[in-house]
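Working notes, beginning with the structure itself.
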Amino acid sequence: TTVWPGAADQSDYTPQQQADVVLHYAQQGFKAVKIRAWRPDPMVDVEAVRAIRETVGGRDKMEVMIDRTAQYSGTTWDYKTALKVAKAFEELDVTWLEEPFTRGDADDHARLTTEVDILITGGEGAQEMDKYCEYAARHSFDIVQPNCTKPISELKKIATVAEAFGMSCIFHGGHGLTLAASLQAGA
């Protein structure tokens, strides 16, 4: 996960500067990157991915995932914006778009999941098993991403529910102690 220093919305980095940093990672052997889409104009984030594709290459060179992180960006997308941005990312062969709507919104995520080919992910903020069951029943996400600060027994239940409803389960990444928990859960 790449979050550039400076403004939280990454607006103090141009799309080309972001692409140059991702090129550096590619030259170091990294094959995937997740970047924020927090700018006030989300089409500038689309331009950042376009610059990455032009500078680094296609998915075979660098897989790109987008972390919208719902309302934590400071703005909340309406459905029309999310659909437009998701389709633009789709054209640039982005792997996934994470939490384009407010956390806990099962309905808009489910609607978007059915209308685009790009994978829609989320669920890191859910605290209760009931919420994961709702996400599964409505197929709110293609990939559910529980946070690994939960007990391993609960993570297994979430993964089982996701599998039963045809969803993938990828534990949400982190750093510090949550990274240790993610590695243990993944193992």
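The values are calculated or read from the model by the stated rules, or taken from the named source; none is laboratory data. Note that the structure is predicted; figures quoted are calculated from it, not measured. Glycine also receives a Cβ, built like all others from the backbone with ideal geometry; neighbour counts cover every protein chain displayed. Side chains are part of the model used for accessible areas, which takes the heavy atoms of the whole protein and leaves out ligands, DNA and RNA. Shrake-Rupley method; radii C 1.70, N 1.55, O 1.52, S 1.80 Å.
I'm told Pro42 meets every condition in (1) more than 27 Å from Thr178 (Cα to Cα); (2) without any contact (Cβ under 8 Å) to a residue 24 or more places away in the chain; (3) open to solvent by less than 20 Å² (accessible area, probe 1.4 Å) except one. Can you identify the failing condition by its number?
(2)
Name, by its number, the condition in (1) modelled with pLDDT of 95 or more; (2) of a type outside the set (Lys, Arg); (3) open to solvent by 80 Å² or more (accessible area, probe 1.4 Å); (4) within 18 Å of the chain's Cα centre (by Cα) that does not hold for Tyr79.
Tyr79 satisfies all of (1) modelled with pLDDT of 95 or more; (2) of a type outside the set (Lys, Arg); (3) open to solvent by 80 Å² or more (accessible area, probe 1.4 Å); (4) within 18 Å of the chain's Cα centre (by Cα) except (3).
Keeping to segment 133-157, report how many residues are without any contact (Cβ under 8 Å) to a residue 40 or more places away in the chain, open to solvent by less than 30 Å² (accessible area, probe 1.4 Å) and either of a type in the set (Gly, Ala, Ser) or under 17 Å from Pro100 (Cα atoms) (or both).
Here the count works out to 6.
Looking only at segment 98-141, filter to residues that are of a type in the set (Gly, Ala, Ser) and part of a loop (DSSP other than H, G, I, E, B); which one of those is nearest to the chain's Cα centre (by Cα)?
Gly123
Is it true that Phe89 is crowded, with 16+ Cβ neighbours inside 10 Å, in contact with a Leu (Cβ under 9 Å, 6 or more places away or on another chain) and more than 30 Å from Gly57 (Cβ to Cβ)?
Working: crowded, with 16+ Cβ neighbours inside 10 Å: yes; in contact with a Leu (Cβ under 9 Å, 6 or more places away or on another chain): yes; more than 30 Å from Gly57 (Cβ to Cβ): no.
In short, no.
What are the residues in segment 1-39 that are closer than 19 Å to His172 by Cα, of a type in the set (Gly, Ala, Ser) and assigned to a loop (DSSP other than H, G, I, E, B), if any?
If the condition is that a residue be closer than 19 Å to His172 by Cα, of a type in the set (Gly, Ala, Ser) and assigned to a loop (DSSP other than H, G, I, E, B), then Ala37 is the only one that fits.
Determine which member of the set Thr160, Thr178 is of a type outside the set (A, V, I, L, M, F, W, C) and modelled with pLDDT of 90 or more.
Only one candidate passes the filter, namely Thr160.
Tally up the residues in segment 1-18 that are touching an Asp or Glu at 6+ places or on another chain (Cβ under 7 Å) and at pLDDT 95 or above, please.
1
So, in segment 1-32, exactly how many residues are in contact (Cβ under 8 Å) with a residue 40 or more places away in the chain and acidic (Asp, Glu)?
Number satisfying all stated conditions: 1.
Of all residues being touching a residue at least 24 places away in the same chain (Cβ under 8 Å) and not in a strand (DSSP E or B) in segment 58-71, which is most open to solvent (accessible area, probe 1.4 Å)? Just the residue, please.
Lys61
Among the listed residues Asp117, Asp130, identify the single one that is of a type outside the set (A, V, I, L, M, F, W, C) and within 20 Å of Asp67 (Cα to Cα).
Asp117
Based on what the data block shows, is Gly176 surrounded by fewer than 22 Cβ atoms within 10 Å (Cβ to Cβ), of a type outside the set (D, E, K, R) and touching a Lys or Arg at 6+ places or on another chain (Cβ under 8 Å)?
Judged against the criteria, Gly176 is not a match.
Please find, among Ile158, Ile152, the residue that is touching a strand residue (DSSP E or B) at 6+ places or on another chain (Cβ under 9 Å) and aliphatic (A, V, I, L, M).
Going through Ile158, Ile152 in turn, the sole match is Ile158.
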